[in-house]
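A short write-up of the structure that comes next.
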Amino acid sequence: MRTFIIITLSLFSIIAGNTQSPSTTIPNLNKLKASIDSAETNLRAKRPPLIGISVTRTAEGNSSLGASYTNAILKAGGAPVLIPATTDGIVLQQIIEQLDGILMTGGEDINPLWYNETPIPQLGTVDPLRDIYDIKLLKLAGDRNIPTLGICRGMQMINVAFGGSLYQDIASQREQKTIKHVQQMPKEYPSHTITPIGGTQLSSIIGEGASGVNSFHHQAVKTLAPGFRPSAISSDSIIEAIEAWPNHPILAVQWHPEGQAGGGDTTMLKLFSFLVGKADTFRMAKEIHRRILSIDTHTDTPHQFRRQGFDLSARKNNRVNLPKMYEGKLDAVYLAAFISQGPRDDASLLRAVSRIDSLIDGIYAQVEKNADLCAIATTAADLSRIKQEGKKAIFIGIENGYGIGKDLGNIARFKARGVTYITLCHSYDNDICDTSTHSKKEWGGLSPFGEEAVREMNRQGILVDLSHAAESTFWDVMKLTTAPVICSHSSARALCNNDRNLTDDQLRAVAANGGVVQVCLLDEYINPDYKAAALLDAIDHIEHIAGVAGIDHVGIGSDFDGGGGFAGLEAHNDMLQITVKLLERGYAEENIAKIWGGNFLRVLNAASSKK
């Protein structure tokens, strides 16, 4: 009950503003209610983004927070919401789901056992429960890519939570001479300078010149967490700011900008304005995904089903599962029944067909096990209905036409089992066609059997998927098909010269055919230096294909659990990042809707109507 009272009083101080001068006006209840009705209740007013703020725990276990944090968020145009100090993960998850941004605040030292070190005598006060609370907040926020700003302890905890370590005490653990990092002056006044590192997100916010900052810490970053970079240092080489931008929306500083902003420092207020601005874009992205239909057109997750105890509803280390789809606001996914190329004798072909049936059986088994969370879809109408039911839609594709054997009747049979596209080949030539990768140019494109297979797919309303196909195969199909085609997971060769990607001529041909190219999120297809592949590279491929083929002919097919995934787009929980970046580049909701599902579903409907 005491915790509730403190939170309520803090929220009251937010509502009151805590920034207005005392008034001599006599309180009048009716006038106050009337002013709320006339001026403050506006159905058309744009709501500010909700910024969740972590709290400290008092010695009695109560939740507490200084007003300077909430005032800084208010000044920046956000709506601060205090997150109660609970370690109940379900409660925190429900709160996090409503938030658009997170502010991790300062406080006591962090238990060094979290980063596998023994406490030293100079370690200060530690609150074990707050450590757990903060780590859970960061895990939940990080899984959802919620824009996050860390301050002082907040920065240290971000570094620890993502795998870094700390100096438990700067003065005793660093041989290099240090400056004074614990000032006696009020928070409004700076006590030393920091230098932002050029080219970082921080430098774009506060500038590249030296800035005066306040300082109230004796711990600091020692080993930087993977995926982060330093973005400011002090004169004694202490890391004073870290960030995961542009791949993940996390920025943290070692000083207390809320104190300086409270004293009128407009430069430090920019940090809070930045958080609020990013949170507002994140809020817009979430709202768009509530309205549109989004689909990832290629994953290889069914191979994960062989793992002992695999359950699509469990949040595992693989890239595709239902919890990650919910976190990334993704409505639908294609699970590909993939088979690698094998021998082409009759017995091997029968085994290949049987293997495809087994994989499809596994998909149905997972969906039936989780019928309260997902359902099989074969049409755009199915997807729309399943989303309205609050579930995720599961589509089925076959990757590698080797899996139909030499029996065209299998195309109709797999259609009846829910298959809606077949990728003609994989990385080696098969009985249907030549591949783009390890081809012996056996057929010079489509084989005679392949021509019959394409005609039968057209008749059955199954999409012809030209990912992995040789250019000769591509052009043969374009001459033959009577329905729009797809490339379920292919990117732009102009940006990354890989045989799996499409030339600009091919992109234009897909557009003329009425088809769609789904950008593949696999590092070797995205960036010539595959180790450097990252989120913005994928956005560049989307923009290039949209520029060459038109906005009506581009989509997203991740190839997750089959090689896809890189920094910033590592799993389905990261998919909302694509929408955020498209918004930042000026894309309207109408075009974002096309990219995420509208284009592909149009082609799916067109192919079905040809039957």
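No value in this document is a laboratory result; all are computed from the given coordinates. Keep in mind that this is a model prediction, so the values were computed, not measured. Please note: Cβ atoms are built from the backbone with ideal geometry, for glycine as well, and neighbour counts cover all protein chains shown.
For the chain, the 222 nm mean residue ellipticity estimated from helices alone, with every DSSP H stretch of n ≥ 4 adding -39500 (n - 2.57) and the total spread over all residues, rounds to -11500 deg cm²/dmol.
Each of 133, 51, 503 was scored by the projection of its Cα onto the charge dipole of the chain, and the greatest displacement toward the positive side belongs to 51; charges sit on the C-beta of Lys, Arg, Asp and Glu. Partners of residue 369 within straight-line reach, counting lysines whose Cα lies under 24 Å from its Cα and excluding those fewer than 8 residues away in the same chain: 316, 324, 329, 387, 391, 392, 415. Computed over the Cα atoms of the chain, the ratio of the radius of gyration to the Kirkwood radius (Rg/Rh) comes to 1.04. Excluding same-chain neighbours fewer than eight residues apart, the aspartates and glutamates reachable from residue 594 by a Cα-Cα span under 18 Å are 287, 296, 331, 382, 540, 543, 552, 584. Of the trypsin sites (Lys or Arg not before Pro) in region 348-455, the ones in a loop by DSSP (not H, G, I, E or B) with at most 10 other beta carbons within 10 Å are 440. Give me the aspartates and glutamates in straight-line cross-link reach of residue 406: C-alpha distance below 16 Å, same-chain residues under 8 apart excluded. Hits, sequence-local ones excluded: 345, 346, 357, 429, 431, 434, 451, 452, 456.
If you take the Cα centroid of region 387-413 and the Cα centroid of region 258-307, the two points sit 34 Å apart. What separates the Cα centres of region 182-204 and region 150-172 is a distance of 17 Å. Rounded to the nearest 10 degrees, what's the angle between the helix 128-143 long axis and the longest principal axis of the chain, both from Cα atoms, 0 to 90? Value to nearest ten degrees: 40. If a/c stays under 1.5 just call it rounded; otherwise compare a/b with b/c (prolate if a/b is bigger, oblate if not). Do that for region 426-500, with a ≥ b ≥ c from the square roots of the Cα gyration tensor eigenvalues. It comes out oblate by the Cα gyration axes.
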